[in-house]
Structure formats: C-alpha cells, structure tokens
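The values are calculated or read from the model by the stated rules, or taken from the named source; none is laboratory data. Source: prediction; values computed, not measured. Virtual Cβ from ideal backbone geometry, glycine too; neighbours counted across all protein chains shown. All accessible areas refer to the heavy atoms of the entire protein, side chains included, with ligands and DNA or RNA removed. Shrake-Rupley method; radii C 1.70, N 1.55, O 1.52, S 1.80 Å.
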Amino acid sequence: MTRTAGFAAVLAVAVASPALAESPFWGVQVEQFEYRAGEGSDLLAWDLDALAGTDALKFVWRSEGEFALDEDAFEAMENQLRLQVPVTDFFDAVVGVRADTPEGPDRLYGVIGLHGLAPQWFEVDADLFVSDRPVARFEVEYEGLITNRIVLTPSIEVDLPLRDDRAIGLGAWGPKVEIGARLGYDLVDRAISPYVGVHYERVFGATRRLARAAGEDDDAVYLVVGTRLMF
Amino acid sequence: MTTIAMVRAAAFGAGLAMLPGGAAMAGTYDITVDRIAIDTGDFVKRGVGYNKSQTPTILRWREGEEVTINVTNNLSEETSIHWHGLILPFDQDGVPGVSFEGIAPGETFTYRFPIVQAGTYWFHSHSGFQEPDGAYGAIIIEPKGREPFRYDRDHVVQLTDKHPHSGARIMRNLKMMPDYYNRQQRTLFDFLGDAAEKGLGAALADRGDWGSMRMMPTDIEDVQGFTPLINGKGPAQNWTGLFTPGERVRLRFINSSAMTYFDIRIPGLKMTVVQADGNNVQPVTVDELRIAVAETYDVIVRPMEDRAYTIFAESMGRTAYARGTLAPREGMEAEVPEMRSPPLLTMADMGMAHGDMGHGAMQGGTHTMPDGSVMQGAAHGHMDHAGHGAADAGGDPFYAPGSGLTPEAANGGKVLSYADLKAQKPLYAHREATREIELRLTGNMERYLWTINGVKHGDSEPIRLTYGERVRFKFVNETMMTHPMHLHGMWSILDNGSGAWNPVKHVVSVAPGTTVYMETEVDAPGQWVFHCHLAYHMEAGMMRKVIVEGGPAAKSASSAAVTGG
Ligand SMILES: [Cu+2]
C-alpha cells in the first residue's frame with residue numbers, strides 16, 4: 001500500500017511538472033556597431049537583434065540607426081518588435097511593428113516577413129512594411145570564412161518604396177540600395193569581433209530625383225570601423 | 001528453457017528480499033554535492049563536484065549488497081543522482097520529475113537499492129547542466145563469482161570534456177548560433193586546396209552540395225574548445241596509473257563527457273577488451289577503441305617493459321585530446337603523439353549515398369537472406385548488395401559505407417567495432433522480439449533542435465511498454481551527428497548479428513546514415529527515460545519518457561524513503 005502510494009505520488013509530481021520542460025533562451029546579436037567616415041558628415045551606425053523565446057516563438061527587438069556627428073542628429077532611427085514563428089526547417093515567419101523616429105517626420109508600419117537561411121548559407125530577411133505608404137525590404141548577408149577566425153561579410157540591403165512618401169524622401173519604385181563588405185576577426189569567441197570595411201549607399205529612380213531636388217547626393221561611400229558583438 | 005533468466009530473476013528477488021534487514025551485506029555511503037573550482041591546467045572554472053573534489057568519486061560495491069547512499073545537496077539549486085547502467089527500482093533511478101522529485105538545496109536524500117549486477121558503471125546528476133559542469137563519478141561492482149579473466153591491478157580511467165563555459169551558457173550559445181563552437185569549418189584556404197587538388201569545378205560542386213543542404217561536413221563536434229580530463233586531470237596534469245612490469249592491468253574506461261567521443265589508444269600496448277557497459281564480453285584484442293559518450297569499456301593491458309606508456313584519447317573530431325600515463329613509478333612520462341587530422345563527413349553520412357540500410361545490413365554476423373537461408377556475415381562473406389560496401393572494404397559495418405567517421409587505428413592495426421562484441425554469457429534467453437518500435441533520430445542543426453521521430457521530448461507522448469515483452473527498437477539516424485542512445489532501467493541488447501551472444505549494453509551509439517537495432521527485455525516496471533546522452537541534444541529534446549505497464553507490484557518501487565535535511 002505504501003508502495004502504491006509512493007508510485008502515485010511520483011506520478012502526480014511527473015504530471016504536475018513536465019519532466020525537463022524546455023527552458024526559454026535569449027541573446028543579443030549586434031551585426032554592426034560602427035563609425036562611418038565619408039565625404040559628408042561622419043556617422044555612428046548600428047544594427048542589432050535582441051531575442052528571447054523558445055523554438056516555437058521568438059520575440060525580437062530589432063534596432064537600426066545612424067547618428068550624424070556633425071549635425072548631432074539621428075539621420076535614421078528604426079525600431080521593430082518582431083514575433084518569429086518557424087514555418088519551414090530554415091525559415092521563420094515574422095509579424096510585428098516598426099517605428100521610425102529620426103530627425104524629421106516619424107513613421108509607423110506593420111511588419112510581415114520571412115527570416116532565415118537560404119541554400120548556400122545566405123542569411124535572408126524579406127519584409128513588407130505595411131502602411132498607407134508601404135515599403136518592401138530585402139536583405140542578404142553571407143559570412144565568408146577566410147580562416148576560422150577571419151571572416152569577410154558581404155551584405156546587401158534593398159529598400160523599395162511602393163508609394164511616394166515625399167516627406168521622408170521616398171519616391172514610388174525608387175529603390176535605396178546599401179552594399180557593404182566587412183572584414184572581421186573573432187577576438188573573444190564570437191562575442192567580440194572587430195572589423196573594418198566599406199559601406200556604399202545609392203538611391204535610384206524617383207527616390208533619386210527627390211534627393212537631387214533637395215540638393216543631396218544620390219550616393220555615398222564610407223570607410224567603416226566597428227565591431228560585431230554577441231552575448 | 002530460460003534458465004538464465006530464471007536464475008537472474010531469483011537473484012533479483014533475493015536482493016529485494018534483503019530489503020528490510022539487509023543483514024547479509026549492506027553498505028552505507030555518503031556523497032555531498034558541492035560547488036567547486038575545477039582546474040584543468042588550461043583554465044580554472046567554477047563547477048560542480050562530488051565530495052568537494054574534481055577527482056571523480058569512486059564507489060566500490062559488491063554484487064548482492066544492499067546499498068544505502070546519503071546524498072547531501074550543498075548547491076543552491078535542485079540536484080539528483082542517476083546510477084548509470086544500474087538495474088534498480090524505478091524510484092531510485094534519480095531522474096527528477098520521472099523517478100522522484102529531485103533533491104532540494106540543503107536536503108539529504110537517501111537512495112537504497114540492491115546491487116544485482118557487477119562491472120564498471122558510473123553515476124551523474126540528471127539535473128540541468130550539472131553533469132557537464134562536473135557532477136559525475138565512477139562505480140565499480142565486484143562480482144559474486146569469479147571473473148572469466150585475470151588481472152593483477154585495476155585503474156578507473158574516467159574521461160570528460162571540461163569546457164570553460166557553463167552548460168547553461170553553452171546551450172544558449174548553441175541556440176543562438178549553432179556553429180558557435182565549431183572552429184573547424186571549411187575556409188577559403190580549404191576551398192583553394194580542394195580546387196588545386198580536385199579542380200575548381202569539383203570543389204565548387206562539393207561546396208554547392210553541402211550548401212544546398214545547409215549542412216557542414218565538419219559538423220562532428222558541436223561543442224569544441226574543451227579540455228579533456230582523465231580522472232579529473234588535464235593533459236598537462238598527466239594522471240598516472242602505476243604498474244609493475246609484467247602485471248596484467250585492468251583499465252576501466254568510462255566516458256563521462258557531455259558531448260565528446262574519444263578514440264583511445266596506448267602506443268606500445270595491445271588492449272584486450274573484456275567488458276562493455278559493465279557486461280563481460282568474449283575477449284577481443286585491439287590497438288584502438290572508440291568510446292561513445294556514456295559508454296564504459298574494460299580492457300586488460302600487459303606492459304612488460306620498465307617504462308612509461310601514454311594513454312592517448314583523441315576526440316573524434318580531433319579538436320582536443322586526453323592524456324594520461326601508465327608507469328612503473330610516479331613522475332615518468334612517455335611520448336605524446338600528435339593528433340591526427342580531423343575527419344570530414346561525407347554524403348554517406350548524410351544518408352545520401354545509399355538506400356535503406358535495412359534489416360541486418362548493419363550487422364557483421366549472420367544474415368538471413370530473402371529465401372530464408374542464413375549466410376555468414378560481412379566479416380567473412382562477400383556480400384554485394386547495398387549497404388555492405390564498407391564491410392566488404394574491411395570497414396566497420398556500424399558506419400555508413402563511405403562514412404568519413406569510420407575509425408581507423410593509428411598504427412594500421414585493429415579498431416574495436418560493435419560487430420566484435422559478443423556476450424561472454426548471455427544474460428537472457430534468446431527469443432524473438434514481440435514487437436518493433438521505430439525511433440528515427442531526427443534534428444535540425446540550424447535551429448539546434450534534436451528530436452525523435454521529429455518530435456521534441458516536451459511535445460511527445462511517452463513510449464508505453466508492457467512488462468514481460470521483448471521489444472525490438474529500430475534506430476534510424478537521419479541526422480549527420482552520432483547519437484549515443486541510453487535507455488534507463490533495462491538492458492539494451494545490441495543486435496550485431498551474434499544472436500544469443502548479442503552484447504548487453506546500456507548505451508547504443510548510432511552513427512549518421514545508419515540503422516541499428518537493439519532489443520530490450522521489459523522486466524522493470526515503472527517509468528523511465530530514453531535519451532541521447534549528448535547533454536545538449538537531450539536538453540534540446542532528443543528524449544522520451546518510457547512507461548512500463550504491469551508487472552509485479554513488489555518490483556514497482558523500493559521501500560526507500562526521503563529523509564529531511
Ligand atoms: Cu544526440
């Protein structure tokens with residue numbers, strides 16, 4: 001009888017606390033944290049993801065920004081809260097919100113997108129930023145191992161306005177393209193990886209015409225120095 | 001007919017009968033679980049240890065003894081001890097949430113169970129990442145009767161892979177970035193080398209093949225950057241076991257690593273394997289052996305010269321080695337070999353280069369042909385159907401033909417294969433399995449998700465077994481990693497084609513791209529677990545609860561009790 005009771009007690013415990021339940025995890029990945037030196041104002045720029053969640057659902061804070069040192073102003077300041085759910089072995093579906101709060105007009109978008117790893121190890125983000133002036137964005141990054149510690153990371157990001165948003169300098173179907181190549185060294189594990197590189201931006205089409213009309217350059221090239229961080 | 005089974009059952013019964021008094025043979029043992037500093041020679045790291053020491057505690061028991069073990073938890077978190085490979089009542093098995101509630105901080109828990117077996121085993125925490133953090137020890141059980149081999153002295157050689165990061169941090173890093181610890185990935189220079197050797201087209205095609213799968217041929221050790229220890233000592237600290245020339249020395253190898261397989265050799269000495277996972281096997285003499293995580297192998301060596309010999313254990317991925325010394329006197333050293341170059345997985349390891357390995361294809365013994373005739377196994381015959389390429393080429397039938405992982409002896413000699421293991425004395429009468437359960441070993445490296453039949457432990461239903469049945473488990477490894485599968489509470493009879501002499505184990509390692517069978521006599525009521533013994537695979541979900549229904553009430557739980565602390 002005692003034994004039966006013992007058995008029942010253990011069963012009760014087992015039912016109450018699912019054995020070795022999955023614990024949530026978290027982490028921060030700073031892909032870019034850098035000083036950009038170019039012909040115009042020098043910039044501080046960053047691009048980071050902070051995530052927490054489980055295999056089934058991740059909660060991501062994505063922040064990107066550019067701070068112009070001469071003007072003492074945020075040229076770009078973009079924050080997203082994204083929920084990620086796996087949809088295939090290698091891709092997550094994303095929904096969320098994006099708030100832009102740079103110097104000048106603010107913007108708020110809904111986010112739907114895909115995030116994952118394409119064949120041949122290309123890290124891909126494809127997002128549609130939904131509002132009455134929607135924008136599509138496509139980002140690809142590749143980590144090329146020169147050695148197991150020296151990594152060359154080429155990247156490309158294309159922003160495509162689907163409607164005019166003249167107040168913030170976007171013309172319908174006029175893409176903004178950013179191309180970068182960063183050569184880093186894993187100094188401490190993968191936690192601190194300083195890099196140097198180049199960053200090139202150019203606008204096309206209607207967006208380019210808006211820039212020209214405002215007396216701005218249609219392209220810019222920067223030398224960058226910074227570090228990747230992961231913790 | 002089932003004399004052996006009956007004798008064993010009687011012995012088990014006798015063990016239980018001794019429970020109340022334990023008059024004949026009873027020992028009480030005390031273990032404390034402590035936060036300690038672990039010094040590997042390369043770094044010092046906070047971790048967990050038993051009895052305040054990084055030198056593993058060795059428990060020496062006798063078959064037939066009734067043991068009482070008081071485990072005092074001095075940690076600030078829950079702990080537990082699982083007696084790896086021991087046959088005991090399920091509520092003494094030490095898995096929190098399955099066998100008992102765990103041991104709370106400050107509490108002393110008393111385990112009590114009869115010892116119904118002999119051999120080399122080990123114990124470890126089954127809570128969180130305490131085992132990778134250092135909570136493991138050895139168990140030596142002296143048999144009642146005479147052993148079928150002679151030796152003059154013995155040494156425990158307990159291996160582990162001590163990492164500077166805590167287990168919890170490693171798990172988090174793997175989830176964030178599955179190749180966080182992989183510092184053996186193929187680089188531009190490897191590519192240029194391949195292109196020079198095979199031509200640019202072939203090198204590109206090869207990269208393309210792996211890239212299209214988003215897999216890496218270097219994915220052999222998930223967690224690199226550790227220092228291997230032997231009995232708590234790093235390579236520079238050089239654990240030394242003494243011998244007198246001419247003596248037969250029994251080495252009890254135990255792999256207590258979180259994640260690392262080792263290829264063990266002792267240059268200048270042959271090793272005669274006499275026991276695997278605590279059970280005697282027909283002696284087989286080898287130059288080298290690969291030990292999976294959580295396995296044990298007992299070998300006998302006979303050093304004749306008055307000199308030191310190096311025990312050299314390279315990790316399977318060749319990222320680190322454990323080193324110890326056998327010597328006539330303290331302070332002696334022998335040459336330490338260079339590590340061999342790291343292996344690369346092949347398309348065969350992806351399960352791409354062959355069809356279904358199918359029944360018996362993995363087995364080196366007899367093989368039943370479709371027409372019912374029985375032919376000699378791959379080791380002797382000339383089988384030419386799919387799945388026998390490696391065996392024909394003299395390779396190990398427990399690796400996919402063409403596998404990059406197939407072990408080879410450094411001196412070109414003999415490596416132990418699962419196909420070589422034959423039980424010294426069968427533990428159970430041989431009979432047909434009553435049913436088969438297929439367990440596909442599955443996962444997703446990019447998400448660091450490890451599963452069985454595509455389902456994580458947390459989302460799974462328990463495996464239900466019925467007392468008295470003999471279940472045949474079919475492991476189909478669909479991943480590119482090697483998984484050491486461990487069933488608690490009952491023996492795993494590896495089907496290597498030896499029929500009644502199939503070896504009796506507690507860990508069955510399943511190489512990538514292979515199918516392996518094991519059978520279990522379901523003779524232990526209660527609830528157990530069945531899991532991959534790679535710590536981070538288990539935590540990621542490669543685990544099942546197993547419920548054995550029915551059976552005598554007397555066997556369903558022991559009379560042991562929790563005592564307050
Ligand atoms: Cu595994």
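Numerical summary
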quantity	calculated
Residue in region A:145-153 that is surrounded by fewer than 17 Cβ atoms within 10 Å (Cβ to Cβ) and within 30 Å of A:LEU108 (Cα to Cα) present	no
Residues of region B:422-454 satisfying the condition of being out of contact with any Gly (no Cβ under 8 Å at 6 or more places or on another chain) and open to solvent by 50 Å² or more (accessible area, probe 1.4 Å)	B:LYS422, B:GLN424, B:LYS425, B:ARG431, B:GLU432, B:THR434, B:ARG435, B:GLU436, B:GLU438, B:GLU446, B:ASN453, B:GLY454
Whichever residue in region B:515-533 is within 16 Å of the ligand (Cβ to nearest atom), in contact with a helix residue (DSSP H, G or I) (Cβ under 9 Å, 6 or more places away or on another chain) and away from chain A (no Cβ under 12 Å) and, among such residues, is nearest to B:TYR418 (Cα to Cα)	B:VAL516
Given (1) more than 16 Å from the ligand (Cβ to nearest atom); (2) within 14 Å of chain A (Cβ to nearest Cβ), number of the condition B:HIS457 does not satisfy	(1)
Checklist (1) within 16 Å of the ligand (Cβ to nearest atom); (2) crowded, with 19+ Cβ neighbours inside 10 Å; (3) not in a strand (DSSP E or B) applied to B:VAL508, failing item	(3)
Residues that are within 16 Å of the ligand (Cβ to nearest atom) and open to solvent by less than 10 Å² (accessible area, probe 1.4 Å), drawn from region B:534-549	B:LEU534, B:TYR536, B:HIS537, B:ALA540, B:GLY541, B:MET542, B:MET543
Residue list for region B:462-485, filter: near the ligand (Cβ under 10 Å from one of its atoms), away from chain A (no Cβ under 14 Å) and not aliphatic (A, V, I, L, M)	B:ASN477, B:THR482, B:HIS483, B:PRO484
Unmet requirement for B:LYS144, which otherwise passes all of (1) within 14 Å of chain A (Cβ to nearest Cβ); (2) open to solvent by 40 Å² or more (accessible area, probe 1.4 Å)	(1)
Strands (runs of 3 or more DSSP E) lying entirely in region B:45-97 (those with 1 or more residues that are buried (at least 22 other Cβ atoms within 10 Å of the Cβ))	B:66-73, B:82-84
Selection within region B:103-126 - small (Gly, Ala, Ser), open to solvent by less than 10 Å² (accessible area, probe 1.4 Å) and part of a loop (DSSP other than H, G, I, E, B)	B:SER125
Selection from region B:221-249 of residues that are open to solvent by less than 20 Å² (accessible area, probe 1.4 Å) and either hydrophobic (A, V, I, L, M, F, W, C) or within 12 Å of chain A (Cβ to nearest Cβ) (or both)	B:VAL223, B:GLN224, B:PHE226, B:LEU229, B:ILE230, B:PHE243, B:VAL249
Tally of residues being within 14 Å of chain B (Cβ to nearest Cβ) and closer than 18 Å to A:ALA50 by Cβ across region A:86-135	3
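The rows are residues; the columns are (1) at pLDDT 95 or above; (2) within 23 Å of B:PRO426 (Cα to Cα); (3) open to solvent by less than 10 Å² (accessible area, probe 1.4 Å).
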site	(1), (2), (3)
B:GLY268	yes, no, no
B:ASP277	yes, yes, yes
B:GLN282	yes, yes, no
B:ASP287	yes, no, no
B:THR296	yes, yes, yes
B:ARG302	yes, no, no
B:GLU305	yes, no, no
B:ALA322	yes, no, yes
B:LEU326	yes, no, yes
